[in-house]
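**Q** Have a look at this one.
Every number in this text was worked out from the coordinates using simple rules, so none of it is lab data. Keep in mind that what you see is a predicted model, and the values were worked out from it rather than measured. Note: ideal-geometry Cβ built from the backbone for every residue, glycine included; neighbour counts use all protein chains shown.
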Amino acid sequence: MQATSSMQAWHLRDRPFHWGERTYLMGVLNVTPDSFSDGGKFTTVNAAITQARQMRDHGVDILDIGGQSTRPNAADVSLAEELDRVLPVVQALRADRQFDRIPISIDTTKAAVARAAIAAGADIINDISGATFDDQMLSTVAVLQVPLILMHLRGTPQTMQQLTDYENLLVEIMEFLQGRITAAIAAGISRDLICIDPGIGFAKTAEQNIELLQRMQGFKTLGCPILIGTSRKSFIGKILDQPDPAKRVWGTAATCCMAIAQGGDILRVHDVAEMYDVVRVADALWRN
């Protein structure tokens, strides 16, 4: 697969992200009590930093910190609670010189959280709503001029699994993402700072998730780097008959290989050490 030269590289913390040349790993760091796979494990700053160090030591490229669970039926948290969860972790990471060159992504749908996290030292905003939940998000990012990840979602985490009827799955998701790219550019965000995510597991059935992975190359026409998040998700558990998310590591590895073969640029994963090896071999197979 040729490097996608038409997409401008991101330069974050003295590190270039050259799209198409290799796959980048985004490590999941949920500082929540109720995330589907690791809820409650990293709710203290010390626990979160210990996990971040492990991911750093195993080759993570980006740390993605989230204080609001987005699993099906997850409850909303207040602005104050989300800030209380994520800001101390961002601040602690930025106070540790060993993390100087690792970009931090803030996983939020709230503009105020995005603004505060960037001020504390985060570098990227990852919005699972495609910047639709908060009408201030696009204007906030335009002022901050940081990369923005726009994901496809229908409804909310409380309602999304009842909203899986599509006339044409790929076309409708692409139309949504194109609309969000257009809105972001109109708000003053550079196209070169936009990444897209088709939203595996969000308002999609297991069969639809598989179809998306099989047809993901179609999203390349949108002209933005692509993030894929399949890690430990329920459709893998359905295939494997494995109810424990933590035991879906090698099923996740297979989906990561498929994502790379289809042109994915960033993989959002829980198991960085294992996926680092998977990615290195898959990149040797499918990229120059």
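**Q** If you line up the Cα atoms of the stretch 170-233 on their principal axes, what length do they span on each, largest first, in Å?
**A** 36, 22, 19
**Q** Still on this structure, please answer the following. Would you mind giving the average projected area, over all directions, of the Cα convex hull of the stretch 21-286 in nm² with one decimal?
**A** Details: hull surface 50.3 nm².
Taking a quarter of the hull surface, the average projection is 12.6 nm².
**Q** Hey, got the dipole for the stretch 21-286? About the Cα centre, +1 on K and R Cβ, -1 on D and E Cβ, debye to the nearest 20?
**A** Details: 24 positive and 32 negative charges, 65 e Å.
Result for the stretch 21-286 is approximately 320 debye, rounded to the nearest 20.
**Q** Quick one: work out the % antiparallel among DSSP beta bridges in the chain, nearest 5. Write down the numbers at each step before the final one.
**A** Numbers: 3 of 30 bridges.
So the antiparallel bridges in the chain amount to around 10 percent.
**Q** Classify the stretch 67-222: rounded, prolate or oblate, from the alpha-carbon gyration tensor (a ≥ b ≥ c, eigenvalue square roots; a/c under 1.5 rounded; otherwise prolate if a/b is larger than b/c)? Intermediate results must be reported in sequence, preceding the final value.
**A** On the way: a/c = 1.85, a/b = 1.49, b/c = 1.24.
Cα axes put the stretch 67-222 in the prolate bin.
**Q** Sticking with this one: Tell me what the chain gives for mean residue ellipticity at 222 nm when only DSSP H runs of n ≥ 4 count, each as -39,500 (n - 2.57), the sum divided by the residue total, rounded to 500 deg cm²/dmol.
**A** Result for the chain, helices only: -12000 deg cm²/dmol.
**Q** So, one more: When you count, for each residue, the other Cβ atoms within 10 Å and take the mean per peptide, how do 177-186, 250-259 rank with the highest first? Intermediate results must be reported in sequence, preceding the final value.
**A** Working: 177-186: 16.9, 250-259: 20.2.
With the highest mean Cβ count within 10 Å placed first, the list reads 250-259, 177-186.
**Q** Now for a separate question. How high is the relative contact order of the stretch 237-284? Use alpha-carbon pairs under 8 Å, at least six apart in sequence, and give a whole percent. Kindly include the intermediate steps, with their values, before the conclusion.
**A** On the way: 24 pairs, mean separation 16.9, N = 48.
That works out to 35 percent.
**Q** Hey, could you grab the Kirkwood Rh for the stretch 159-288? Inverse mean 1/r over distinct alpha carbon pairs, Å, one decimal. Walk me through the numbers on the way to the answer.
**A** Working: mean 1/r = 0.0645 Å⁻¹.
Across the stretch 159-288, the inverse of the average 1/r is 15.5 Å.
**Q** Any idea what the dipole of the stretch 81-218 comes to, in debye rounded to 20, about its Cα centre with Lys/Arg Cβ at +1 and Asp/Glu Cβ at -1?
**A** Computed charge dipole of the stretch 81-218: roughly 360 debye.
**Q** Now a separate question. List the residues, sorted by chain then number, that are 5 or more residues from TYR24 or on another chain and whose placed amide H is less than 5 Å from its amide H.
**A** ILE266, LEU267
**Q** With the cut-off at 14 Å, report for the stretch 121-203 the share of all Cα pairs above it, as a whole percent.
**A** Numbers: 2073 of 3403 pairs.
Here the long-distance tail beyond 14 Å is 61 percent of all Cα pairs in the stretch 121-203.
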